[in-house]
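K.L.:
Please see the structure below; I have some questions.
The values are calculated or read from the model by the stated rules, or taken from the named source; none is laboratory data. Predicted model, so just to flag it, every value in this text is computed and none were measured. Virtual Cβ from ideal backbone geometry, glycine too; neighbours counted across all protein chains shown. Remember, those area values only see protein heavy atoms, side chains included, never the ligands or the DNA or RNA. Shrake-Rupley method; radii C 1.70, N 1.55, O 1.52, S 1.80 Å.
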Amino acid sequence: MNALSNLWASLPLWGWLALVLCALLIGFAKTAIGGVAMLAVVLAAIVLPAKDSTGVVLVMLLVGDLVAVWAYRHNVDWKLIGRLVLPVLVGIALGAWFLNWVDGPTLKRTIGVILLLLLVLGLFRNRLAVHHPAVGAAYGGLAGFTTMVANAGGPPMNLYLLAAKYDKWRFLGTTAWFFFAVNLTKLPVSISQSIVRPDTALLAGVLAPLVLIGTWIGRLTIKRIDQATFERLVTLFIAISAVYLVFF
């Protein structure tokens, strides 16, 4: 109870407003432009201590996942998800180990550099053998690693699906189910490491209705975005996230 009081009491008004925006962005990302979720992760990390922000964001992501998997249940590449299960689990395990050995700034820059390298690779997507099992496994492992250490698994997976030329509906359906499974897998690990606790879960629960509003806004928006614009927006938000993580 004291931990809960301390977490809530430490939040100024601007902090609450930032978390409101964070929740809306997470909901929007789950049903529209996935890269926007990284902005929410950054906002939460500014307002809350690193571990607390990771726990709060994870629970809100799961709320958004539930809406997304239902909304896009008919647009899923189950074969791809099946192929990525093992690499993602390996990435999550490595991420859990990595968390015990590095500080916050090193963690941020490591993920930022990974994303920048993936963006550069994306420039040569026509030459990249994205359908080769080894390439898929590498992207899956990176998604598992980055999602475990900082809820930042979206960019590697998004870049992989862009390179594989998925249309926006198949893209959204596959990422929805993929990250729902990944986030559920992360949950017991996060609980065991005291990342998700009663206080962080309750704070996320208070913000959950705003996540749902964000998913509704995302559903309305994505219908009005064509394929080319969708791809450009996804890439843009990944680039913004990478630059922030490396330089700020």
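K.L.:
How much length is gained if the chain between residue 117 and residue 243 is pulled fully straight, taking 0.36 nm per residue apart and subtracting their Cα-Cα distance, in nm to one decimal?
P.N.:
Working: separation 126, 0.36 × 126 = 45.36 nm, distance 1.14 nm.
This chain segment gains 44.2 nm when fully extended.
K.L.:
Hey, what number do you get for the chain at 222 nm if only DSSP H runs of n ≥ 4 count, each worth -39500 (n - 2.57), divided across all residues, to the nearest 500? Before the final figure, lay out the partial values.
P.N.:
Values: 11 runs with 201 residues, N = 248.
Rounded to the nearest 500, the figure is -27500 deg cm²/dmol.
K.L.:
Test of understanding: what is the full-extension gain from residue 187 to residue 227, defined as 0.36 nm times their sequence separation minus their Cα-Cα distance?
P.N.:
Values: separation 40, 0.36 × 40 = 14.40 nm, distance 3.29 nm.
Taking residue 187 through residue 227 to full extension adds about 11.1 nm, to one decimal.
K.L.:
Taking the full set of protein chains and a 1.4 angstrom probe, give the accessible area of residue 92 in square angstrom, rounded to the nearest 10.
P.N.:
Accessible area, nearest 10 Å²: 10 Å².
K.L.:
Which aspartates and glutamates does residue 79 reach when only Cα atoms under 17 Å apart count, and residues fewer than 8 places away in its own chain are ignored?
P.N.:
Within the straight-line cut-off, residue 79 pairs with 167.
K.L.:
Restricting things to alpha carbons, find the Rg to Rh ratio for segment 106-224 using the Kirkwood radius for Rh. All intermediate terms of the calculation are to be shown ahead of the outcome.
P.N.:
On the way: Rg = 16.2 Å, Rh = 16.1 Å.
A ratio of 1.00.
K.L.:
With a 1.4 Å probe and all protein chains left in place, how much of the accessible area of the chain comes from carbon and sulfur atoms, in whole percent?
P.N.:
Details: 8210 of 11330 Å².
Ligands and nucleic acids excluded, carbon and sulfur give 72 percent.
K.L.:
So if I place +1 on the C-beta of Lys and Arg and -1 on the C-beta of Asp and Glu, and nothing else carries charge, what would the dipole magnitude of the chain be about its Cα centre? I want it in debye, nearest 20. Mind dumping the intermediate values first?
P.N.:
Working: 18 positive and 8 negative charges, 117 e Å.
For the chain, the charge dipole is close to 560 debye.
K.L.:
Averaging the inverse of every distinct alpha carbon separation and then flipping it gives the Kirkwood radius. What is it for segment 188-231, in angstrom units?
P.N.:
Working: mean 1/r = 0.0773 Å⁻¹.
That comes to 12.9 Å for segment 188-231.
K.L.:
Rg and Dmax of the chain over Cα atoms: what are they, in angstrom?
P.N.:
Rg then Dmax for the chain, in Å: 16.8, 56.
K.L.:
One-quarter of the Cα convex hull surface for segment 3-93, in nm²? Numbers along the way, then the final one.
P.N.:
Details: hull surface 28.4 nm².
So the Cα hull casts an average projection of 7.1 nm².
K.L.:
To continue, here is another question. Once the whole set of protein chains is in place, how much accessible area is left on residue 244, using a 1.4 Å probe, in Å² to the nearest 10?
P.N.:
Accessible area of residue 244: about 70 Å².
K.L.:
So for segment 127-176, Kirkwood radius off the Cα pairs, Stokes-Einstein at 37 °C and 0.692 mPa s: how many µm² s⁻¹?
P.N.:
On the way: Rh = 11.1 Å.
The Stokes-Einstein estimate is 297 µm²/s.
K.L.:
What ³J(HN,Hα) values, in whole Hz, does the Karplus curve 6.51 cos²θ - 1.76 cosθ + 1.60 give for segment 220-237 when θ = phi - 60°, with x put for Gly and Pro?
P.N.:
5, 6, 4, 5, 9, 10, 7, 4, 5, 5, 4, 5, 5, 5, 4, 5, 4, 5
K.L.:
Separation between the residue 16 and residue 169 pseudo-spin-labels, each 7 Å from Cα along Cα→Cβ, expressed in nm?
P.N.:
It works out to 4.2 nm between the two label points.
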